[in-house]
1. Roughly how many Å² of Glu11 are accessible to a 1.4 Å probe, to the nearest 10?
2. I need the trypsin sites (Lys or Arg not before Pro) found in the stretch 11-61, filtered to DSSP loop residues with at most 12 other beta carbons within 10 Å of theirs.
Amino acid sequence: MPLPRAEGDTEEIRLELPGQLELLSIVDKVVDGIADQMSFEDDDKDAIAISVIEAGTNAIQHGRPGDPV
């Protein structure tokens, strides 16, 4: 069940990890949990997870070494 929020209320979730591909599973779990809280359908949750993991992979592979993702 989604968490109740006042209209116009926004939340920010910030997650910084070292730029290591093996840590993307943490990002996947966080994104899945957020999508669950927001009551997304399974197909939509999968599409969101794929997009976020792809963005993280690109950041690690093409970003500056040592920068957090």
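The values are calculated or read from the model by the stated rules, or taken from the named source; none is laboratory data. None of these values were measured; they are calculated from a predicted model. Every residue, glycine as well, gets a Cβ built from its backbone with ideal geometry; the counts of neighbours run over all protein chains shown. Just the protein is used for accessible areas: all its heavy atoms, side chains included, with ligands, DNA and RNA removed. Shrake-Rupley method; radii C 1.70, N 1.55, O 1.52, S 1.80 Å.
1. 120
2. Those that pass, being in a loop and sparsely packed, are Arg14.
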